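The values are calculated or read from the model by the stated rules, or taken from the named source; none is laboratory data. If you're wondering where the values come from, they're calculated on a predicted model, not measured in any experiment. Here the Cβ is made from the backbone with ideal geometry for all residues, glycine too, and neighbour counts use every protein chain on show. The area values use the complete protein model at the heavy-atom level, side chains included, leaving out ligands, DNA and RNA. Shrake-Rupley method; radii C 1.70, N 1.55, O 1.52, S 1.80 Å.
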Amino acid sequence: MTLPPLPIDEILPELTRTLREHSSVVLHAPPGAGKTTRVAPAIRDAGIVGDSELILLQPRRIAARSSARRIAFELGERVGDSVGYQVRFDSCVGRNTTLRVVTDGILLRRLHDDPFLEGVGVVLFDEFHERRLECDVALGMVRRIQQSVRPELKIVVMSATLAAEPIAAYLSNCPIVRSEGRMYPVAMNYRRRADRRPLPEQVAEAVRESLPQSPGDLLVFLPGVGEILKTARELESLAARESLDVLPLYGDLPAEEQDRVLAPSPRRKVVLATNVAETSLTIDGITAVIDSGQARVMRFDPGTGLDRLELTPISKASADQRSGRAGRTQPGVCLRLWEESQQRIRPEFETPEIHRVDLSGIVLQLRAWGETDLAAFPWYEVPAPDALRHAHELLEQLGALHRGAITEMGRTMVCLPVPPRIARLLIAGHRLGFPESAARVAALLTERSPFLRHDRTPSPHGPRTTIAHTSRSDVLDLLHTLEETRATGRRDTSLGTLNPGAAHAIDRVTRQLMQLLQDQLGEAAEPVTSQDEAILWSLLAAYPDRLARRRDGDGEKAVMVGGRGVKLGPLSAVREHPLFLCIDVDDRSANAVVRMASAVERAWLSDANLRTDDELFLHPSQKQVVARRRTYWLDLLIEETNLPVPDPAEAADVLFREAVKNWSQVFPHDDRELTNFLTRGACLHVWRPKLDLPAVDQPALEETLRTLCASSRSFAELKKAQWLATIQSSWTYTQRQTLDREAPERIEVPSGNRIRLEYEPGRPPVLAVRIQEIFGLRETPTVAGGRVKVLLHLLAPNMRPQQVTDDLPSFWANTYAEVRKDLRRRYPKHAWPDDPLTAPPQRKRGR
């Protein structure tokens, strides 16, 4: 069979020659060059692998199957002969298979079972630009093997859009081979303005517009399965009128339905696909692309403790990949359902998964593989330390690690191709004698919901109305409802309408997980409890860090391990139990909402995560030192009892530490005598620092506080304590006399009255005095041994300042006459002598 030429064919001799001479090569080839189907057989047939096997890594199951089929077709053989594939729950390989197309998860599984990849000569990483987490880690593991024990192992990394130079630098500055590729022109169209209609309606209109513009099939990129199903309904009438095949394409679609999409069809096709169709996968006949510009990408969701698909705008690189599907075989057209101005502000590339997904599964894989120091692992891009720390903490709580070393539980978990939480749930259910129920719960928690809301929108937990009943577990409600539909055939339920396709997928995954459990653990033990109890215990084993304790007096609010406050949402029926698991938490807003909960009995809590401490602490609302015997699950307080305060000195230390942090609640700012004493002392320290008086700064006050704490137990007692007396007791008699002399509290004026001075740091003291009381006073009063003049606020009979001065002689000589003239008219019954220096001072109002 003569194969049609592809652009990649021109560089295959250079690639194979370079790979013979070097251990690693980076191949940069644009979409449509043919690298997926032509490079692997060319390397194998060039004899580079010898008698060994070549592994071609594909990021998705559908791409792995279709790539293997295409390579086998071009070689004129059946899949399973020399070319085979292996993906999760599906394999087609034979004794003569030397070119094996696998997903990254399968390669990690093989690395676990065969740490040195014995019998493998070349590992070829396709579509590396997608930067999937497992692909990144697989590259690091293969690189580790190549550098340490198998220098003859070859690595080829292929990328369409990612810059080749950083990858080559990572691989010890290996050679880069480039293919120019070939793309037919694709006419690019954008929407002129934003469209607020639901996406399925927009797409249906776009399909109608695009059909006459292009003779071939249409490929529509949608963010998820829900949008695909809705769009298919929108297109039903158009498909019947135009004789179209409207075909869905997504990762969980059964293999036979995926094959139908890829196979030739006598009718024109409209393929509604997720981003599985962006790369590797070639659908013959596509000449038009309609791009929604959105995708659901995996991000670690702290609310569920699992990775979750999140709707997000795609990057420029992904948009280019998608549009390129229209120009593979002839000129095409692409309609982007967003404004052209929006294209410029999209990110250049997607964020690598290593920076946005849960790392616990990968950390467990690496620990099981023998990596003891993850900081020294040859990461292509190093993950954030916090992400690694979180992964380790979770694995310790699940019992998979103990002080960083993998346990027997961890070795069992790593054999199950599911997230660590789900693996722990499956193992617990198997040990309790209910593997099928545990497998079905695992499928319900990880797959699409089998129920549709009444508005036909897919929902994890049914319609968004308040649950009318109470329950021990929302998870059990989900399980029981699904089992009821199987037994009765009814589709309408309290959780929504059954989606048969999703329910079949749940059944399929359940069977696959049960088989894995049997392969790894053998037959299940005899049940030691009921099915419901076994599921509740298994959930606790999988979600130990999600235990919450209901707050007293509030049936909806609770606090979770880690201290996060949560509130039960309207969809949760768990309303009575004091302890429950937060299985699904929406924490995108300030108030975290528990959408799915499951009750926990106190007796189920194992000693491994429990601890009891006698604690002395400041009560948060009473602001009083109390002693409690407290029991914790991880860091969650679940119960406490009162104890007498055991050690007064320790109690004083606790009170002091908390009081210092809450100074305004314990210091008596409204005690005028205290503040006056402190202010006088502070001012005198500035005015006469050589007097060597005790400090009255914050450290000195804190020492006073420490003294007062010895005889106090609460903030209220501290505020009422003898602050002034305690401070003064630390001063000698001579020092107190010095303060009274140099910064007196009061000054005697000619009238005989002793009037208080007002002190303020950084300013001279103020004496507010009626003018009549200082008749005969010739000089401005001073403090600090005559170094600081007092600022006089000279008051009229109404006790309001009439003049402010620190130069009393000048006031008498220059200003008094004018003041006298004004005030005598207003206050004629008061004394206003012509010569105030010789007039007697007046203590009371005079004529």
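In the list ILE155, ILE176, which residue meets the criterion of being of a type in the set (Val, Ile, Thr), touching a Ser or Thr at 6+ places or on another chain (Cβ under 6 Å) and touching a residue at least 12 places away in the same chain (Cβ under 8 Å)?
Step by step, each of ILE155, ILE176 is checked, and only ILE155 is of a type in the set (Val, Ile, Thr), touching a Ser or Thr at 6+ places or on another chain (Cβ under 6 Å) and touching a residue at least 12 places away in the same chain (Cβ under 8 Å).
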Number of the condition not met by ASP358 [criteria: (1) part of a helix (DSSP H, G or I); (2) open to solvent by less than 40 Å² (accessible area, probe 1.4 Å); (3) farther than 27 Å from ASP217 by Cβ; (4) charged (D, E, K, R)]: (1)
Test set (1) surrounded by fewer than 19 Cβ atoms within 10 Å (Cβ to Cβ); (2) of a type in the set (A, V, I, L, M, F, W, C); (3) part of a strand (DSSP E or B) - ALA608 fails condition number: (3)
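Does at least one position in segment 38-55 carry a residue that is in contact with a Pro (Cβ under 6 Å, 6 or more places away or on another chain) and in contact (Cβ under 8 Å) with a residue 40 or more places away in the chain?
Within segment 38-55 (the criterion being in contact with a Pro (Cβ under 6 Å, 6 or more places away or on another chain) and in contact (Cβ under 8 Å) with a residue 40 or more places away in the chain), the answer is no, since none of the residues qualifies.
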Qualifying position, being at pLDDT below 90 and surrounded by fewer than 21 Cβ atoms within 10 Å (Cβ to Cβ), among GLU533, GLU526: GLU526
Residues (touching a residue at least 60 places away in the same chain (Cβ under 8 Å), under 16 Å from ASN275 (Cα atoms) and not in a strand (DSSP E or B)) located in segment 56-68: PRO59, ARG60, ARG61, ILE62, ALA63, SER66
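Residues checked against (1) without any contact (Cβ under 8 Å) to a residue 12 or more places away in the chain; (2) surrounded by fewer than 18 Cβ atoms within 10 Å (Cβ to Cβ):
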position: ARG754; (1), (2): yes, yes
position: GLY785; (1), (2): no, yes
position: LYS789; (1), (2): no, no
position: LEU794; (1), (2): no, no
position: ASP807; (1), (2): no, yes
position: PRO833; (1), (2): no, yes
position: LEU837; (1), (2): no, yes
Scan of segment 69-90 for residues that are within 14 Å of ARG44 (Cα to Cα), hydrophobic (A, V, I, L, M, F, W, C) and not in a strand (DSSP E or B), ordered by number: ILE71, ALA72, LEU75
Residue that is loosely packed, with under 15 Cβ neighbours inside 10 Å, more than 52 Å from the chain's Cα centre (by Cα) and hydrophobic (A, V, I, L, M, F, W, C), where the choices are ALA743, ALA725, ALA716: ALA725
Residues that are farther than 10 Å from GLY121 by Cα and either modelled with pLDDT under 90 or buried (at least 24 other Cβ atoms within 10 Å of the Cβ) (or both), drawn from segment 45-66: LEU56, LEU57, GLN58, PRO59, ARG60, ARG61, ILE62, ALA63, ALA64, ARG65, SER66
Checking ARG260 against (1) over 38 Å from the mean Cα position of the chain (by Cα); (2) modelled with pLDDT of 90 or more; (3) open to solvent by 80 Å² or more (accessible area, probe 1.4 Å), the condition it does not meet: (2)
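Here are some residues: VAL625, VAL666. Which one is of a type in the set (Val, Ile, Thr), on the phi < 0 side of the Ramachandran plot and touching a Phe, Trp or Tyr at 6+ places or on another chain (Cβ under 6 Å)? So that I can check it myself, show each step before the final result.
Working: VAL625 fails: touching a Phe, Trp or Tyr at 6+ places or on another chain (Cβ under 6 Å).
Exactly one of VAL625, VAL666 is of a type in the set (Val, Ile, Thr), on the phi < 0 side of the Ramachandran plot and touching a Phe, Trp or Tyr at 6+ places or on another chain (Cβ under 6 Å), namely VAL666.
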Looking only at segment 1-22, and only at residues there that are of a type in the set (A, V, I, L, M) and either under 30 Å from ASP284 (Cα atoms) or surrounded by fewer than 13 Cβ atoms within 10 Å (Cβ to Cβ) (or both), the one that is modelled with the lowest pLDDT: MET1
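Looking only at segment 92-131, how many residues end up being assigned to a loop (DSSP other than H, G, I, E, B) and modelled with pLDDT under 90? Step through it out loud before you land on a result.
Looking only at segment 92-131, we keep the residues that are assigned to a loop (DSSP other than H, G, I, E, B), and these are 93-98, 114-119, 126-127, 131.
Still in the running and modelled with pLDDT under 90: 127, 131.
So the count comes out to 2.
Has segment 148-156 got at least one residue that is polar (S, T, N, Q) and either at pLDDT below 90 or in contact with a Phe, Trp or Tyr (Cβ under 7 Å, 6 or more places away or on another chain) (or both)?
Narrowing segment 148-156 to residues polar (S, T, N, Q): 148.
Add one more test, that the residue is either at pLDDT below 90 or in contact with a Phe, Trp or Tyr (Cβ under 7 Å, 6 or more places away or on another chain) (or both), and what stays is none.
Within segment 148-156, none of the residues are polar (S, T, N, Q) and either at pLDDT below 90 or in contact with a Phe, Trp or Tyr (Cβ under 7 Å, 6 or more places away or on another chain) (or both).
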Selected residue (only one of THR707, THR738 is within 26 Å of LEU791 (Cβ to Cβ), surrounded by 15 or more Cβ atoms within 10 Å (Cβ to Cβ), polar (S, T, N, Q) and at pLDDT 95 or above): THR738
Residue in segment 422-431 that is in a loop (DSSP other than H, G, I, E, B), open to solvent by 20 Å² or more (accessible area, probe 1.4 Å) and at pLDDT 95 or above present: no
Some residue of segment 362-373 being surrounded by fewer than 22 Cβ atoms within 10 Å (Cβ to Cβ), free of Cβ contacts under 8 Å to residues at least 40 places away in the same chain and hydrophobic (A, V, I, L, M, F, W, C): no
Residue count for segment 334-355, restricted to those that are free of Cβ contacts under 8 Å to residues at least 24 places away in the same chain, in a helix (DSSP H, G or I) and β-branched (Val, Ile, Thr): 0
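Checking the conditions here, which among PRO765, PRO761 is open to solvent by 50 Å² or more (accessible area, probe 1.4 Å) and in contact with a Cys (Cβ under 9 Å, 6 or more places away or on another chain)? Spell out the reasoning first.
On the way: PRO765 fails: open to solvent by 50 Å² or more (accessible area, probe 1.4 Å).
Going through PRO765, PRO761 in turn, the sole match is PRO761.
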3 or more residues hydrophobic (A, V, I, L, M, F, W, C) and closer than 30 Å to PRO7 by Cβ: qualifying strands (runs of 3 or more DSSP E) within segment 139-226: 154-159, 186-191, 217-221
Test: residue in segment 720-732 that is in contact (Cβ under 8 Å) with a residue 40 or more places away in the chain and basic (Lys, Arg): yes
Long-range neighbours under 6 Å by Cβ, at least six apart or interchain, first residue open to solvent by less than 10 Å² (accessible area, probe 1.4 Å) within segment 438-467, second modelled with pLDDT under 50: PHE451/GLY462
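Please go through segment 375-398 and pick out each residue that is part of a loop (DSSP other than H, G, I, E, B), open to solvent by 30 Å² or more (accessible area, probe 1.4 Å) and in contact (Cβ under 8 Å) with a residue 60 or more places away in the chain.
Quick first cut of segment 375-398, residues part of a loop (DSSP other than H, G, I, E, B) only: 377-384.
Still in the running and open to solvent by 30 Å² or more (accessible area, probe 1.4 Å): 380-382, 384.
If the condition is that a residue be part of a loop (DSSP other than H, G, I, E, B), open to solvent by 30 Å² or more (accessible area, probe 1.4 Å) and in contact (Cβ under 8 Å) with a residue 60 or more places away in the chain, then TYR380, GLU381 are the ones that fit.
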Among residues of segment 263-298, those that are open to solvent by 10 Å² or more (accessible area, probe 1.4 Å), at pLDDT 90 or above and in a strand (DSSP E or B), counted: 2
Selection from segment 616-629 of residues that are open to solvent by 40 Å² or more (accessible area, probe 1.4 Å) and either free of Cβ contacts under 8 Å to residues at least 12 places away in the same chain or within 28 Å of ALA541 (Cα to Cα) (or both): PRO620, SER621, ARG629
